[in-house]
Structures are given as C-alpha cells and as structure tokens.
Amino acid sequence: MESENREGRGTFGKIINLICTIVVGIIVLSFVVSGFYTVNEAESAVVTTFGAAKLVEEKGLHFKMPFVQKVTKVDTTVRGFEIGYIENADGTYSEVNSESIMITSDFNLLDVDFYISYQVSDPIKYLYASNNPEGILKTMAMSSIRSVVSAYSVDSAITTGKGGIQTSVKEMIIADLAENDIGIALVDAAIQDVEPPTDSVNDAFKAVETAKQGKESAINEANAYRNQKIPEAEANADKILQDAEATKTARINEANGQVARFNAEYEEFKNYPLITKQRMFYETMQEVMPNLRIIIDDENGEVLKHFSLDDLNGDVNPAVLGGDDNE
C-alpha cells in the first residue's frame with residue numbers, strides 16, 4: 001500500500017515537473033519570440049533602452065531585449081491634413097469656418113482652404129520633442145496662412161494672388177519647422193480654394209472677375225484694331241507726303257519756268273521795248289478777248305483796214321498803229 005502511494009506520488013511529481021517544464025518552455029519561447037520585430041519599407045523604428053532612444057532604419061527582421069527594450073514604429077510616408085474643411089466618409093466635404101474664415105488687408109473676409117502634406121524626417125524628435133507634432137504643425141500652418149492672407153487685398157487673393165499666397169505660406173511653415181525642430185518636414189502647402197464666405201458676395205466677386213476678363217478682351221481687341229490701323233495711317237501719311245513732294249517739285253519747276261520766261265521776256269524788252277510791249281498787249285488782249293477785231297479808219301470815218309489780233313503776230317508794221325520802237 002505504501003509502495004503504491006509512493007508510486008502515485010512519483011507519477012504526480014513527474015506530471016508536475018512536465019507541466020512546469022512546458023510552462024517554462026512557453027515562457028522562454030514567448031520571451032524569445034517577443035524580442036523579434038520587423039521594420040517595413042514605409043516606417044522606421046525607435047528602440048529605447050532604459051530611456052535612451054536609438055533609431056533603426058534598416059528594413060527587415062530585428063531583435064530587442066524583451067522587457068528591457070521598447071520598440072516604437074513611426075510611419076515615414078507622406079501624410080497630410082485639411083485646413084478649413086474636412087472630408088466626410090461619403091466623399092463629400094464640410095466647411096470648418098473656425099479654420100477657414102480670414103481677414104484681408106482691406107478688411108474683407110475670405111474663406112481659404114489649404115491641404116498640408118508632411119513627412120516624418122526625424123522619428124526620435126517626432127516621438128519625444130513634443131507631445132503632438134501634427135497639432136503643432138497645424139497650428140503653424142494656420143498661423144502662417146492667416147498672416148499671409150492678411151497682407152493681400154480681397155481682390156488680389158481671389159484672382160491673381162493665389163500663387164503668391166501658397167508660396168509664402170510654404171516658406172513660413174518651413175522656417176517655423178526649422179526653428180522648432182519637431183522631427184517633421186513639410187512636403188507641400190497647397191491652396192485648395194479661396195472665395196468670399198457668402199454666396200451673394202461670391203457672386204459679386206465672380207461678376208467683378210467677369211468684368212475684368214471683358215476688360216482684357218476689350219483691350220486686346222483695341223490693340224488689334226490699333227495694330228491694323230496704324231500701318232494704314234502710316235501708309236496714308238507716306239502717300240500724302242509723296243504727293244506733297246510731287247506737288248512741291250511741280251510748283252518749283254513751274255516757278256522756275258516762269259522765272260526763265262520772265263527773264264527771257266525782260267531781255268527782249270530791254271532790246272525792243274515797244275515791240276515787246278505791243279506783243280504782250282496783243283497776247284493779253286487775245287487771251288481776254290479772243291474774238292476782238294481792230295478797225296482803222298480815217299478822219300471821215302472811212303475804214304482803211306481791219307484785222308484780228310492774230311494778224312498782229314508780225315504781219316502788220318507797228319508803224320501802222322502809231323508809235324516807234326523807242327517808246
């Protein structure tokens with residue numbers, strides 16, 4: 001009986017030992033398995049040993065000391081968040097007026113939406129330099145956006161100033177991140193929309209934009225008309241100048257001819273004054289009264305001779321009419 005009890009106790013002891021061995025094996029296996037971790041392509045790992053942090057960027061399987069070292073994985077892909085709106089689950093968007101409504105330099109209100117893209121550049125600082133790095137980045141972005149928009153007029157911000165606003169906001173955020181060094185790098189700060197906060201004001205600004213486009217079209221049409229008419233006007237001016245030059249030349253030539261004729265007649269007059277005067281008289285009378293006939297009679301009224309002015313071209317002796325060549 002006593003041997004049976006000892007045998008039973010021996011069997012029970014073996015079972016207890018086996019169970020203990022299994023438990024210890026499971027604990028050891030769990031301990032060993034829990035020491036392995038994997039770093040994927042889209043992340044980095046930060047391993048802390050008694051508070052000291054070490055960055056692990058090598059991808060693949062790694063081992064840590066269980067219960068001694070702690071591994072925190074950090075997503076290093078490009079992420080982002082909205083400012084001024086949120087995307088709903090159904091794909092629609094809702095405005096967040098507390099973030100989007102801003103005042104311009106000319107004291108008008110604008111609804112400005114941005115999308116901020118960022119990436120973790122230093123996982124250790126991202127985890128331990130601040131409590132909420134994304135929240136800090138969003139605060140920086142909102143402050144930068146308000147500061148930049150406040151330097152623009154409402155008209156400029158809605159129309160031609162969008163590119164300048166986006167560039168300035170991006171530069172300010174990068175400068176703030178460099179100063180605070182929270183382990184985040186800005187990828188992009190993209191402006192999504194800029195419009196007045198009410199539909200009526202928005203319609204008014206659209207009307208202004210339409211009017212501006214009409215103005216530009218009118219200016220372009222006017223410039224095209226001017227470019228068409230200026231060559232025509234220049235051509236007409238050249239023609240007028242050429243005609244004037246031709247008229248001038250003709251008048252000068254005519255005047256020169258008249259001067260030459262006058263000089264010739266004057267030379268003739270100096271040599272034969274009476275004959276010249278008579279000829280000039282006859283020519284003038286012939287021009288004024290081409291049908292005039294001259295009648296010569298005696299004291300009794302008897303016609304001695306009659307002739308036309310054409311007959312005086314050298315056919316009649318000047319003495320017939322009286323006078324002499326020296327008069």
Exercise. Condition test on residue 193, is it among the charged types (D, E, K, R), at pLDDT 95 or above and not in a helix (DSSP H, G or I)?
Worked result: no
For this session: Name the residue, out of 141, 157, that is outside the structural domain of residue 213 (by TED's automatic domain parsing), modelled with pLDDT of 95 or more and not in a strand (DSSP E or B).
Result: 141
Exercise. Being touching a residue at least 12 places away in the same chain (Cβ under 8 Å) and in a helix (DSSP H, G or I), is that true of even one residue in region 223-237?
Worked result: no
Problem set entry | Failed item, numbered, when residue 54 is tested on (1) outside the structural domain of residue 166 (by TED's automatic domain parsing); (2) of a type outside the set (Phe, Trp, Tyr); (3) surrounded by 15 or more Cβ atoms within 10 Å (Cβ to Cβ) | (3)
For this session: Take region 144-153 and flag every residue that is surrounded by fewer than 17 Cβ atoms within 10 Å (Cβ to Cβ), touching a strand residue (DSSP E or B) at 6+ places or on another chain (Cβ under 9 Å) and either not assigned by TED's automatic domain parsing to the domain that holds residue 98 or not hydroxyl-bearing (Ser, Thr, Tyr) (or both).
Result: 146
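Take the conditions exposed (fewer than 15 other Cβ atoms within 10 Å of the Cβ) and of a type outside the set (A, V, I, L, M) and apply them to residue 130. Does it pass?
Numbers: exposed (fewer than 15 other Cβ atoms within 10 Å of the Cβ): no; of a type outside the set (A, V, I, L, M): yes.
No.
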Problem set entry | Selection count, region 157-182, where residues are closer than 14 Å to residue 146 by Cβ and small (Gly, Ala, Ser) | 2
For this session: Looking only at region 92-112, decide whether some residue is over 32 Å from the mean Cα position of the chain (by Cα) and at positive phi.
Result: no
Seminar exercise, completed: Going through (1) out of contact with any Leu (no Cβ under 9 Å at 6 or more places or on another chain); (2) at pLDDT below 65; (3) surrounded by 10 or more Cβ atoms within 10 Å (Cβ to Cβ) one by one, residue 248 fails only at (2)
Problem set entry | Evaluation of residue 132 against (1) modelled with pLDDT under 90; (2) at negative phi (one fails), failing number | (1)
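Tell me which residues, restricted to region 139-168, are closer than 18 Å to residue 98 by Cβ and of a type in the set (A, V, I, L, M). First the steps, then the outcome.
Narrowing region 139-168 to residues closer than 18 Å to residue 98 by Cβ: 139-147, 149-150.
140, 141, 142, 145, 149 - these are the residues of region 139-168 that are closer than 18 Å to residue 98 by Cβ and of a type in the set (A, V, I, L, M).
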Problem set entry | Criterion (farther than 30 Å from residue 212 by Cβ and either in contact (Cβ under 8 Å) with a residue 60 or more places away in the chain or not charged (D, E, K, R) (or both)) met by exactly one of 177, 110 | 177
For this session: Look at region 161-193 and say how many of its residues are more than 26 Å from the chain's Cα centre (by Cα) and surrounded by 19 or more Cβ atoms within 10 Å (Cβ to Cβ).
Result: 5
Exercise. Applying the selection to region 63-83, what residues are among the aliphatic types (A, V, I, L, M) and either assigned to a strand (DSSP E or B) or farther than 18 Å from residue 122 by Cβ (or both)?
Worked result: 65, 68, 71, 74, 83
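The values are calculated or read from the model by the stated rules, or taken from the named source; none is laboratory data. In this text, all values refer to a predicted model and were calculated from it rather than measured experimentally. Methodologically, a virtual Cβ is constructed for each residue, glycine included, from the backbone with ideal geometry; neighbour enumeration extends over all protein chains shown.
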